[in-house]
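Below: the structure, in structure tokens.
Derivation of every value follows stated rules applied to the coordinates shown; laboratory data play no part. As the structure is a prediction and not an experimental result, all values here were calculated from the model. Note: ideal-geometry Cβ built from the backbone for every residue, glycine included; neighbour counts use all protein chains shown.
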Amino acid sequence: MISGKCLSLATRSVIFISVVMLIASCAARSSHNASSVVQYLYPNHKERVETATVPVLSLPLRVGIAFVPDTRYSYSALYSLDEKRKMDLMKSISAEFKHYPYVKSIEIIPSPYLTPEGSFTNLDQIRTMYDVDVMVLLSYDQVQHTDEGLLSVSYWTLVGVYVFKGEKNDTSTLLDAAVYHIPSRKMLFRAPGLSHIKGSATPVNLNEQLRLDSQRGFEEAAANLVTNLKEQLDQFKEKIKESPEEYKIEHKVGYTGGGSVDFLTLSLALAMGGTLLWSGNRRNR
Amino acid sequence: MVRQSTEPVKSSVFMPLILVAASCTMVYLLPGLSDLLIYDRRAILSGELWRFLTGHLVHFSWGHLFFNLLGFVIAGWIVWRRGYSGFWILCVISSVAISGTLLLQPEVIYFGGISGIVNAAIVFIAIRGLKERGGSRWLSISVLILTIANSVLEVRTGLPTLDILSDRLFVPVPMSHLVGGLVGAIMGMEPWRLFIELTRRPMWWRNL
């Protein structure tokens, strides 16, 4: 039998370091911050779900953009998306779509105007207030994990807490845009924006680093979202052309005008060209 | 009578015609370019005057581009074949006239499409064709009558009479065709010849 007294200094040191490393590696934490379009629009499963009808898109569109309210199951959110950040993100996204000829205006709707689980009743109110037909509902899901790496051993020296970046951060962000036509209750298209950021920090500036990672995560996800939204918009335009029975297009006076050659003008040009060609050939003979 | 040879007349129309057609296609393929060139009422009023001319190079769909260019190339080819002069002056003047008229319509914020110029070219050819003999003359008369009737009907209804496009993503502006037709008619009468004629006779007013 081996007693504690019999253990050598070297063995005791090895056991001590192992325990410290084990404790350090176990010290992981995570935070989750999210909002959900489904929870906002369809909060109660027992209630009747709104049935979508054929959307009549009256061009140019007045579009609204808003973040849906945060969900209740967010936990230990170190960095929740504040109103200013939301407004900045919405501005950067909407700026990419303002120049389209079929978009008349994009209204940025502040979060207080969206009530939790407000559903289409709330969207109808926003439609009345802002005079918008189409709503871009933004939702997000951000998870941050923090693990302690090998460098966390240095924390026992106290100085290491300030110097060594032993905290490994992992931030995954999803920003989702669902474009809804309010009168018809129909989702026109949706697009996701993703980002994944890995970072490290000292325990002293861990929270600050997590906040920065969170911000960067949203910014990168927003940039990715814009690219994906443009792709989805192009696909949606093709879809309108391919299935006109599913989407109806109307034109409001006052945006993009165009001149297109009609069948008669083209026929007259062809007739004149054909006559010229025919008379030229006849003379050549 | 205008000379109508069996060989294509060497005129300065052909290469620029290809250039304009290629430009329209390029502008359509590069969306950033169309933003820069489209007739944009607010941008023009803030000094971006090139849009007066370049707006006509912008198209909104493949169908829009294809049919407009088809009309433009046929009209340009006829002008080239017949050796008519003044085609490019016609294009520039009709572009400016159409864009100028659009400025009087504040509800049209953006505009694109070369069809107004196509209309101008067709009327221009028809007016010049009136000087021809035989079948060409009668064809020119028919083209003129039908084009005028079509333009008037378009302006009255606000819609194309016999529309080709099924994927229209813009509001038709029939006024552009009417203005183009008017410019084509004036240019077809070769007003510069009248001016030259008059300047050759210093005391021309005595004959009035």
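The table below gives the values:
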quantity: Amide proton proximity set for A:VAL103, modelled H, under 5 Å, gap of 5+; calculated: A:LEU61
quantity: Violating pairs (Cα-Cα greater than 23 angstrom) within the set A:LYS91/A:LYS165; A:LYS186/A:LYS248; A:LYS186/A:LYS230; A:LYS98/A:LYS198; A:LYS84/A:LYS165; calculated: A:LYS91/A:LYS165; A:LYS98/A:LYS198; A:LYS84/A:LYS165
quantity: Crossing angle, helix B:87-103 versus chain B [Cα axis fit, 0-90 degrees, rounded to tens]; calculated: 50 degrees
quantity: Per-residue Cβ neighbour rank within 10 angstrom, fewest leading, A:MET87, B:MET175; calculated: A:MET87, B:MET175
quantity: Residue exposure sequence - B:VAL20, A:VAL56 - by fewest surrounding Cβ within 10 Å; calculated: A:VAL56, B:VAL20
quantity: 0 to 90° range, to nearest 10: angle between helix B:62-82 axis and chain B longest Cα axis; calculated: 10 degrees
quantity: Integer Hz, Karplus 6.51/-1.76/1.60 couplings in order for region B:136-144, x for Gly and Pro; calculated: 4, 5, 5, 5, 4, 4, 4, 4, 4
quantity: Per-residue average of Cβ from other chains inside 10 Å of B:65-75; calculated: 4
quantity: Förster-model FRET efficiency, 45 Å R0, B:THR25 and A:SER30, C-beta, rounded to 0.05; calculated: 0.25
quantity: Residue-by-residue Karplus 3J(HN,Hα) for region A:165-174, coefficients 6.51, -1.76, 1.60, Hz, glycine and proline x; calculated: 8, x, 8, 9, 9, 9, 10, 10, 10, 10
quantity: Crossing angle, helix B:115-129 versus chain B [Cα axis fit, 0-90 degrees, rounded to tens]; calculated: 10 degrees
quantity: Long-range HN-HN contacts of A:GLY193 with modeled amide H, under 5 Å; calculated: A:LEU175, A:ASP176, A:ALA177
quantity: Cβ-based net charge around A:LEU81, under 15 Å, with every Lys or Arg adding one and every Asp or Glu removing one; calculated: -3
quantity: Taking chain B and dividing mean pair separation by its residue count, relative contact order in percent (alpha carbons under 8 Å, at least six apart); calculated: 24 percent
quantity: Region A:85-158: trypsin sites (Lys or Arg not before Pro) in DSSP loop, at most 11 other beta carbons within 10 Å; calculated: A:LYS98
